[in-house]
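Asker: Okay, handing you the structure first.
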Amino acid sequence: MTLNCTDTKIAVIGLGYVGLPLAVAFAKKYNVIGFDINQNRIDALRKGLDHTLEIEEEELKAVTLSNPNGTGLYTTNLIDDLKDCSVYIITVPTPTDKHNRPDLTPLYKASETVGKVLKPGDVVVYESTVYPGVTEDECVPVLEKISGLSYNVDFYAGYSPERINPGDKEHTVTKILKVTSGSTPEIAEFVDQLYCSVITAGTHKASSIKVAEAAKVIENSQRDINIAFVNELSKIFNRMGIDTHEVLEAAGTKWNFLKFKPGLVGGHCIGVDPYYLAQKAQELGYHPEIILAGRRLNDDMGAYVAQEVIKLMIRKDIAVKNANILVLGFTFKENCPDVRNTKVIDIIKELDTYNTNVMVYDPWAKPAEVLHEYGISTANSFEDVKSTKYDAIILTVSHDEFKVLNLNELKATNAVVYDVKGFLNKEVVDSRL
């Protein structure tokens, strides 16, 4: 296959944190159809508004098309608009269920959508994080069934794992080296050249789709395990009365020390991806001890933080029942509106078991979204927060807005301040993770 900017029409399926930045990058050079099942999302994007805040309004408007022709991005929720595309890139979420088992439903649904418009010669590229084998063993059969076409005869597949870091304005999609792969050597080269044409950081062509899938899933598993290690260190050093951050700062003076910090591990990647690898390993009869041990430890950190705050309150003779506690931050990471799989909810749930009154304030999180997803109310503005004095304040997310907060005007007499992120001045906190 040959890559031609004039003839290659690309469809991006799923316009979230991953799909939209990718669609915008391709739209600067190709005719791109951005597809999403959410009509509200389509309506907002057509106005140049991205609620994920990954793409600025000016940049989005600059590539937005009012019709599905020409170089640029046309967004839609109509399957018929995809029929003229020759490359389909699927960027839907891959979550886990309540038992931490991989949920491939979004991938199946997206594959069904593409299967309805798939034509001979088309290429389907998956970007969603999966365990090795999902693309060819789970998704391709759906494409074959719906389209009636044969894999590697009529149509082809590729895999290029997403590496989006939500909220990061420095490491944007085109500035992160991209792993690529294809179902045949020719398709692998085509996929690689396609991404090379917009990814300024370059690409790495993997030898197979399974290798590319495995590379992605271990990236976040490795990070998860390293954070679990320093979280365990934090628990140990806390019992010794040693400041973990000072220990890590000292150890970090060695050139090959890995600089990870303790914290809550949530979000749609690090807190989820290890379960995908673990699931596949268990299907093969292997119990992944280190991966699952790291997950268990990180999943327990929210409850641990809450318990540490309660202990500090008791030591200060602060009545726990009906105490007013302020939680600063709810998103899964700083300077980002994404609340998916946030582990701050675990702190709140644990505090609720002590019959405390918890107020949550996050200038980045949308109160309506938090209420819908988690069933808890959050402050609409800082003015709502200031009306109460708090017996304990927990800094959970290091948003820039929190740098200028005057905690003294929020604290009750003898209040506890706990810093999960090591973000606040050490002199104003009672303890930090």
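Asker: Among Arg41, Arg101, Arg239, which one shows the biggest mean-square fluctuation in a GNM of the chain, springs joining Cα atoms closer than 10 Å?
Answerer: Arg239
Asker: List the pair-distance distribution P(r) of the stretch 95-168, using every Cα-Cα distance, as the percent of pairs falling in each 10 Å bin from 0 up to the bin containing the longest distance, rounded to whole percents.
Answerer: Going out from 0 Å in 10 Å bins, the stretch 95-168 shows 18, 48, 26, 8, 0 percent.
Asker: Treating cross-link reach as a plain straight distance, find the aspartates and glutamates whose alpha-carbon is under 14 Å from the alpha-carbon of Lys321, omitting any fewer than eight places away in the same chain.
Answerer: Glu350, Asp352, Asp391
Asker: Over the chain, what is the percentage of antiparallel beta bridges among all DSSP beta bridges, to the nearest 5?
Answerer: 5
Asker: Quick one: P(r) of the stretch 151-192 from all Cα-Cα pairs, 10 Å bins, percents rounded to integers, in order of increasing distance.
Answerer: 28, 38, 24, 10, 0
Asker: Please list, in order along the stretch 288-303, the HN-Hα scalar couplings obtained from phi with the Karplus expression 6.51 cos²θ - 1.76 cosθ + 1.60 (θ = phi - 60°), rounded to whole Hz, x for Gly and Pro.
Answerer: Here the 3J(HN,Hα) series is x, 5, 5, 4, 6, 5, x, 5, 4, 5, 5, 5, 8, 5, x, 5 Hz.
Asker: Compute the convex hull volume of the Cα atoms of the stretch 1-140, divide it by the residue count, and report the result per residue in Å³ as a whole number.
Answerer: Enclosed volume per residue, from the Cα hull, is 113 Å³.
Asker: Please compute, over every Cα-Cα pair in the stretch 286-330, the percentage with a separation greater than 15 angstrom.
Answerer: 59
Asker: Can you give me the long-range amide H partners of Val125? Hydrogens built in the peptide plane at 1.01 Å from N, cutoff under 5 Å, separation of 5 or more residues or another chain.
Answerer: Tyr88, Ile89, Ile90, Gly158
Asker: What pairs from Lys280/Lys343; Lys61/Lys210; Lys389/Lys421; Lys119/Lys169; Lys61/Lys109 go past 31 Å between their alpha carbons?
Answerer: The answer is Lys61/Lys210; Lys119/Lys169.
Asker: Can you tell me how the stretch 22-82 classifies by the Cα gyration tensor, rounded, prolate or oblate, using a/c under 1.5 as the rounded cut?
Answerer: Cα axes put the stretch 22-82 in the oblate bin.
Asker: Over the chain, with every protein chain in place, what whole percent of the accessible area is carbon and sulfur at 1.4 Å, could you tell me?
Answerer: Carbon with sulfur: 50 percent of the solvent-accessible area.
Asker: Something else about it: For Asp97, Asp36, give me the order by solvent-accessible area with a 1.4 Å probe, most accessible first, ignoring ligands, DNA and RNA.
Answerer: Result, largest first: Asp97, Asp36.
Asker: If you don't mind, there's one more thing I want to ask. Considering only the other residues whose Cβ falls under 14 Å of the Cβ of Ile42, what net charge follows from Lys and Arg at +1 and Asp and Glu at -1?
Answerer: Spelling it out: positives minus negatives among the neighbours equals -1.
Asker: Sequence-distant or interchain residues sharing an amide H contact under 5 Å with Thr96, placed H: which?
Answerer: For Thr96, the qualifying residues are Asp103.
Asker: For semi-axes √(5λ) of the Cα gyration tensor in Å, the choices are [x] 45, 31, 22; [y] 43, 24, 19; [z] 33, 24, 22; which was calculated from the structure?
Answerer: For semi-axes √(5λ) of the Cα gyration tensor in Å, the calculated option is [y].
Asker: Calculate the translational D of the stretch 159-317 in whole µm² s⁻¹ from Stokes-Einstein, where the hydrodynamic radius comes from the Kirkwood formula applied to all Cα pairs, the temperature is 25 °C and the viscosity 0.890 mPa s.
Answerer: Calculated translational D: 134 µm²/s.
Asker: Using the structure shown, select from Lys29/Lys216; Lys316/Lys366; Lys28/Lys216; Lys47/Lys259; Lys205/Lys261 the pairs with a Cα to Cα distance greater than 30 angstrom.
Answerer: Checking Cα-Cα distances, Lys316/Lys366; Lys47/Lys259; Lys205/Lys261 exceed 30 Å.
Asker: Ignoring ligands, DNA and RNA, what accessible area per residue does the chain give at 1.4 Å, in Å²?
Answerer: I get 45 Å² per residue for this part.
Asker: Could you compute Rg(Cα) / (2.2 N^0.38 Å) for the stretch 360-433, with N its residue count?
Answerer: That works out to 1.13 for the stretch 360-433.
Asker: Heavy atoms of the protein only, probe of 1.4 Å, neighbouring chains included. What is the accessible area of Phe35 in Å², nearest 10?
Answerer: Here the residue's solvent-accessible area equals roughly 10 Å².
Asker: Give me the log10 of I(q) over I(0) for the stretch 245-383 at q = 0.11, 0.13, 0.15, 0.17 Å⁻¹, as the Debye formula computes it from C-alpha points; what are the numbers?
Answerer: The Cα Debye sum returns log10 ratios of -0.54, -0.73, -0.92, -1.07.
The values are calculated or read from the model by the stated rules, or taken from the named source; none is laboratory data. Quantities reported herein were computed from a predicted structural model and do not represent experimental measurements. Ideal geometry is used to build each Cβ from the backbone, glycine not excepted, and the neighbour counts take in all protein chains shown. Please note that ligands, DNA and RNA were not included when accessible areas were found on the heavy atoms of the full protein model with its side chains. Shrake-Rupley method; radii C 1.70, N 1.55, O 1.52, S 1.80 Å.
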